[in-house]
Amino acid sequence: LSALPVRGSEGLYLVNGPPSFTESTAFQRDCGKSCKAVAFSKDGSLFAWCNGEKVNIVNVTNAELLRSFDLPKAVCLEFSPKNNVLATWQAYTTAKDGSAGVPNLQLHDVKTGKCLKSFIQKKMQNWCPCWADDESICARNVNNEVHFFENNNFNTIANKLHLQKVNDFVLSPGAQPTKVAVYVPGSKGAPSFVRLYQYPNFGGPQSALANKSFFKADKVTMLWNKKATAVLVIASTEVDKTGASYYGEQTLHYIATNGESAVVQLPKNGPIYDVVWNPNSVEFCAVYGFMPAKATVFNLKCDPVFDFGTGPRNAAYYSPHGHILVLAGFGNLRGQMEVWDIKNYKLISKPVASDSTYFAWCPDGEHIVTATCAPRLRVSNGYKIWHYTGSLLHSYEVPSNEEMWQVSWQPFLDGVFPAKAVKYQAVPSELPSAEPKPAQAYRPPALRNKPVTSSKLHEDEPPQNMKPQSGSSDKPLSKTALKNQRKHEAKKAAKQEAKADANQESTQSSAPQNAPRSAVPVVTSGDPEVDKKIKNLKKKLKAIEQLKEQAAAGKQLEKNQLEKIQKETALLQELEDLELGL
């Protein structure tokens, strides 16, 4: 059964997981108030923590102390995937005379306790080296290049990946061969790019498995799927130039190891709050758009499979076996959760965990922990354990003068817990359901004895299945046919809107925003002048595409060429307007 370490001002202790939820008697509570970090090994068999004096490692089953290191200042801990190495980090300090400080990142051999290597690692962000799952390689980013070590031999750099300025990298999960996704930010008008390599083939750009370049990126998040066949890249700018969003601007890109890449078309404007892969590696879910946010599941072609409509949510969590998806609104939202059966796209339950700052699935795929932790929230700290059918099974709140800083599940390797059939009936619980009382909206005295009329700012969109229904057409449409169909629909919509607007003054129509811009069929508008304009626009856009490709390949573009690229959106808009006969 999965245990939960709880770290806070009451010290550090382990709670037995479902069904007992009692404090572990084997693990001696560490009552110090300065426990800075905890870490489990990947298989959950070892547990380490630092208490401001020592870093201790225990065997979880019998709580036997295996190792103790004298590291009073350690604030970060991590085990290598096969439990051979414990990495520790403490803040970097320089000597008073300004000379270089002592190495602050240490790699310890768990079996012997000796220090294998220490490095200077100034930043806390991405402090920990990354291992392949079998520990055959380990990598860390040093001065804009990635250094690779083999078989935990840290005295020899076995390989280097050197690009002009590698800002970030992520190793693929799973078995060999290991693949590496690297991000190089754009500079001086050149685009940013993400490249995928297979270790150790780091020759020129030709040796890369795939490459995707994009302009709008101050930082990126790269997410490998479990089977290591594709990476999702969330690229975001710090500032939204249009002023539409407080969060900057995000775009979502898909890159596969077979060289395919695409921009994921999100049908609602606004921030991208969360993107997660299904553990089955063939679908992913995105939560996006101005509130109320949309959530959509996409397949590997980046086509929408199921749309959950709109709602108060900003996060998504797949269960470990991938057959349940939780959509939730935490942080500045009220903690509403929607638990979905992903196979049948049916809603299972809608529990509410208000003020939550943390959510995690138990490795058993049945239980969930939500928690309110300091420093994000200083009051009513505590945690709750739920069954996905909506039942609250256990709840703990710390005394009012105490704080809780962290709670998490003990991990287990895949396959330890078998996948079970999805239940819809709420499991029994001793605790009353945690439904918060809905706050009544204020009503002025004049309206108090009149019937309530609901007035919503936004009408919520209902969920809908996006899979092409069988029976509607047997074979999938070609791109050209799709484009034609979309155009036809857009024209139809435009006509209808024009009719609707005819009784008003203006006539506006909407163009489909997500029509793919490739494989353009020859469409004549019947007006030779218009056709000529369309042809010229297409020519210009093709030239821009070629310029972008050259830029991505690293060619330095002239000023006038860069200006050309900037006109792309305006040209696309003009082309769309002409094609729809506005």
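Each reported figure results from applying straightforward, stated rules to the coordinates on display, with no laboratory input. What you are looking at is a predicted structure, and each value in this text was computed from that prediction instead of being measured. Neighbour counts run over all protein chains shown; Cβ positions are idealised from the backbone, glycine included.
Quick one, can you get me the convex hull of the C-alpha atoms of the stretch 252-386 expressed as volume per residue in Å³?
Values: hull volume 15.7 nm³, N = 135.
For the stretch 252-386, the hull spanned by Cα atoms encloses 116 Å³ per residue.
Full-extension gain between A26 and V102, please, as 0.36 nm times their residue separation minus the C-alpha to C-alpha distance.
Working: separation 76, 0.36 × 76 = 27.36 nm, distance 3.73 nm.
Computed gain between A26 and V102 is 23.6 nm.
L413: net charge of surrounding residues, Cβ under 10 Å, Lys/Arg +1, Asp/Glu -1, itself excluded? Please list the in-between numbers first.
Numbers: positive: K42; negative: D43, D414.
Local net charge: -1.
Given the -39500 (n - 2.57) contribution per DSSP H run of 4+ residues, what per-residue ellipticity at 222 nm results for the chain, rounded to the nearest 500 deg cm²/dmol? Kindly include the intermediate steps, with their values, before the conclusion.
On the way: 4 runs with 69 residues, N = 582.
Calculated from helices alone, the mean residue ellipticity at 222 nm is -4000 deg cm²/dmol.
On a 28 Å Cα-Cα criterion, which of the cross-link pairs K219/K350; K226/K301; K216/K467; K179/K538; K111/K165; K188/K540 come out too long? Could the numbers behind the result be given before it?
Values: K219/K350 34 Å; K226/K301 17 Å; K216/K467 31 Å; K179/K538 38 Å; K111/K165 37 Å; K188/K540 23 Å.
Check vs 28 Å cut-off fails for K219/K350; K216/K467; K179/K538; K111/K165.
Quickly work out the N211-to-N344 label distance, labels modelled 7 Å from Cα along the C-beta direction, and quote it in nm with one decimal.
4.9 nm
Rounded to whole Å and sorted largest first, list the principal axis extents of the Cα atoms in the chain.
Here the spans come out as 84, 73, 52 Å, largest first.
Check each of the GluC sites (Glu not before Pro) in the stretch 201-271 and keep only those in coil by DSSP with at most 16 other C-beta atoms within 10 angstrom; list them in order. Could the numbers behind the result be given before it?
Working: sites: E238, E249, E260; in loops: E238, E260.
Of the GluC sites (Glu not before Pro), the ones in loops of the stretch 201-271 whose Cβ has at most 16 other Cβ atoms within 10 Å are E238, E260.
From the Cα trace of the stretch 38-131, what convex hull volume per residue do you get, rounded to a whole Å³? The partial results should precede the final answer.
Numbers: hull volume 8.8 nm³, N = 94.
Roughly 94 Å³ of hull volume per residue.
Let me check the size of the stretch 83-220 from its C-alpha atoms; what are the radius of gyration and Dmax in Å?
Considering the stretch 83-220 through its Cα atoms, Rg and Dmax are 16.4, 52 Å.
Which net charge results when you count Lys and Arg as +1 and Asp and Glu as -1 among the other residues whose beta-carbon is under 11 Å from that of F154?
Numbers: positive: K117, R140; negative: D109, E150.
Neighbourhood net charge equals 0.
Among all helices in the chain defined by DSSP H, which have a length of 15 Å or more along the axis from Cα atoms plus a Kyte-Doolittle mean of at least -0.5?
Details: long enough: 479-502 (33 Å, -1.68); 528-552 (36 Å, -1.09); 568-579 (16 Å, -0.39).
Once both thresholds are applied, what remains is 568-579.
Normalised by the residues of the chain, what does the relative contact order come to in percent, with Cα pairs under 8 Å and at least six apart? Walk me through the intermediate numbers first.
Numbers: 1177 pairs, mean separation 45.5, N = 582.
The value is 8 percent.
Whole number please: convex hull volume per residue of the Cα set in the stretch 126-182, in Å³? Kindly include the intermediate steps, with their values, before the conclusion.
Values: hull volume 4.5 nm³, N = 57.
Considering the Cα atoms of the stretch 126-182, their hull volume per residue is 78 Å³.
Could you compute the net charge surrounding Q164? Neighbours are other residues with a C-beta less than 15 Å from the C-beta of Q164; K and R count +1, D and E count -1. The partial results should precede the final answer.
Details: positive: K160, K165, K188, R195, K555; negative: E145, D168.
Surrounding charge for Q164 is +3.
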